[in-house]
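Participant: Dropping a structure here in structure tokens format, bear with me for questions.
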Amino acid sequence: MSQNNQTAGNPSKPRVAVLFGGRSSEHAVSCVTAAGVLGAINKDKYDVIPIGIAKSGQWVLASPDTSQWSLAGSSLPEVAPSAETVTLAEIGGEHQLIVAAPNEVPQELGTVDVVFPLLHGPFGEDGTIQGLLELSDTRYVGAGVLASAVGMDKHFMKVVFEAAGLHVGPYIAVTDRQWRKDPEAVRKQVDRLGFPVFVKPARAGSSMGISKVDSLEQLDAAIEAARRHDLKLVIEAGIMGREIECAVLEGRGTDAPRTSMPGEISVAGGTHEFYDFEAKYVEDNAVALSCPADIPEEAIARVRELAAAAFDAIGAEGLSRVDFFYTPDGEIIINEINTMPGFTPKSMYPQMWAASGLSYPDLIDELIYLALNRKTGLR
Ligand SMILES: Nc1ncnc2c1ncn2[C@@H]1O[C@H](COP(=O)(O)OP(=O)(O)O)[C@@H](O)[C@H]1O
Ligand SMILES: [Mg+2]
């Protein structure tokens, strides 16, 4: 991949605000991603400002010391609240970062050319932060408001995929009102799906709140567990299939989205029945990522085609990881799209690009290039 030729923003050294942490249950995962990006971003080319979002929602200036954000030891990394709050404001036509503390005159930290929101889950990957950045006319990496919101919601995502002709597995969506008003009707619908089912919060991630349910007796507990993350749920028929993922990167100019070689996630049997939170982040060696996935060539081509179609279906920009089930009879069923996928150097998205010839630092560079060259305004 060729090096960037910046065309927008500060011509000397674009200022990149790396935004991480956030209010969702994936706070810690976002910190780990930030450690990866802060460690790999080209500092000769970009002026980098790390900004953490505490769980309360407060923006603070964060330490550039990546060891503070890594997954080392037993405690998960977390952005601590601070007496000083950072905000982004437009002053004199420039996007300025302002630091304010009680009883002190606010200070300007300088202008920002592009924001890299490394936020997963609600209040980050769901269009809310994107909306805030749109309001202040600030460029940012990744999908816009609608695509982020659709990609976050496992129900509307499926509605859009089905409309685009993608193969979605059997599911029902359950709203808070439906569950509180007539739980028996929900149980009947689930029974018709057949067991096992996967009960999921509609808007969460990193497998948080997801349970595999083998019988009706276990259903209510799984529903209550999911409702702790989101009162809206999606309940899906369990699909027997291998988990195949594909990384999508927006094309430059009018080019079509680029797709990586697909990879496969295999969860070591025994302790993990599926790709759950512990398997994803906590335990070493619980999962094997292999790229390219060892599936027939036609299936590889089809997965790439479907991944690009899913990216376009929701109107994604920048990056997305599209996840599928590949069944024993060769069907390719879409599971989900992630508009801000796990992005540590070891995560599947960068790994699939690395296996396809695009290194982690070059990938970061390309995403910033795409963001700097995208017009602000309606998107
Ligand atoms: N319908 C399904 N059939 C079989 N396994 C599933 C199904 N839905 C989810 N899983 C398992 O649960 C994991 C997490 O589900 P997913 O929908 O990808 O949620 P998240 O957004 O938290 O990653 C999947 O990677 C897969 O292992
Ligand atoms: Mg997933």
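Participant: List every residue pair whose Cβ atoms sit under 6 Å apart, with the two residues 6 or more apart in sequence or on different chains, where the first one lies in the stretch 333-347 and is more than 17 Å from ASP365 (Cα to Cα) and among the hydroxyl-bearing types (Ser, Thr, Tyr) and the second, anywhere, is within 11 Å of ligand 1 (Cβ to nearest atom) and modelled with pLDDT of 90 or more.
Facilitator: Correct list of pairs: THR339/GLY151.
Participant: From the list ILE223, ILE239, pick out the single residue that is surrounded by fewer than 18 Cβ atoms within 10 Å (Cβ to Cβ), at pLDDT 95 or above, among the β-branched types (Val, Ile, Thr) and touching a Phe, Trp or Tyr at 6+ places or on another chain (Cβ under 7 Å). Spell out the reasoning first.
Facilitator: Working: ILE223 fails: surrounded by fewer than 18 Cβ atoms within 10 Å (Cβ to Cβ).
The conditions single out ILE239.
Participant: Then there's this: Restricting the stretch 254-287 to residues that are assigned to a strand (DSSP E or B) and more than 12 Å from ligand 1 (Cβ to nearest atom), which is surrounded by the fewest Cβ atoms within 10 Å (Cβ to Cβ)?
Facilitator: To start, the set of residues in the stretch 254-287 that are assigned to a strand (DSSP E or B) comprises 258-259, 263-267, 287.
Add one more test, that the residue is more than 12 Å from ligand 1 (Cβ to nearest atom), and what stays is 258-259, 263.
Working: ARG258: 19, THR259: 22, GLY263: 23.
By that ranking, first place goes to ARG258.
Participant: Same structure again: Looking at (1) of a type outside the set (Asp, Glu); (2) within 11 Å of ligand 1 (Cβ to nearest atom); (3) at pLDDT 95 or above, which is the only condition MET208 fails?
Facilitator: Single failed check for MET208: (3).
Participant: Another question, then. Does VAL267 qualify as being within 16 Å of ligand 2 (Cβ to nearest atom) and within 25 Å of GLU26 (Cα to Cα)? If you could, list the steps in order and put the result at the bottom.
Facilitator: Numbers: within 16 Å of ligand 2 (Cβ to nearest atom): yes; within 25 Å of GLU26 (Cα to Cα): yes.
It is true that VAL267 is within 16 Å of ligand 2 (Cβ to nearest atom) and within 25 Å of GLU26 (Cα to Cα).
Participant: Further question: Could you say which residue among LEU367, LEU358 is under 19 Å from the mean Cα position of the chain (by Cα), buried (at least 17 other Cβ atoms within 10 Å of the Cβ) and more than 16 Å from ligand 2 (Cβ to nearest atom)? Quick ask: steps written out before the conclusion?
Facilitator: Working: LEU358 fails: under 19 Å from the mean Cα position of the chain (by Cα).
Checking each option against the conditions leaves just LEU367.
Participant: Please go through the stretch 333-353 and pick out each residue that is surrounded by fewer than 20 Cβ atoms within 10 Å (Cβ to Cβ) and in contact with a helix residue (DSSP H, G or I) (Cβ under 6 Å, 6 or more places away or on another chain).
Facilitator: Matches in the stretch 333-353: PRO345 only.
Participant: I've got another one for you. Restricting to the stretch 106-132, what's the tally of residues that are modelled with pLDDT of 85 or more and on the phi < 0 side of the Ramachandran plot?
Facilitator: The total comes to 16.
The values are calculated or read from the model by the stated rules, or taken from the named source; none is laboratory data. In this text the structure is predicted, and so the values were computed from the model without any measurement. No Cβ is skipped: glycine too gets one built from the backbone with ideal geometry, and neighbour counts run over all protein chains shown.
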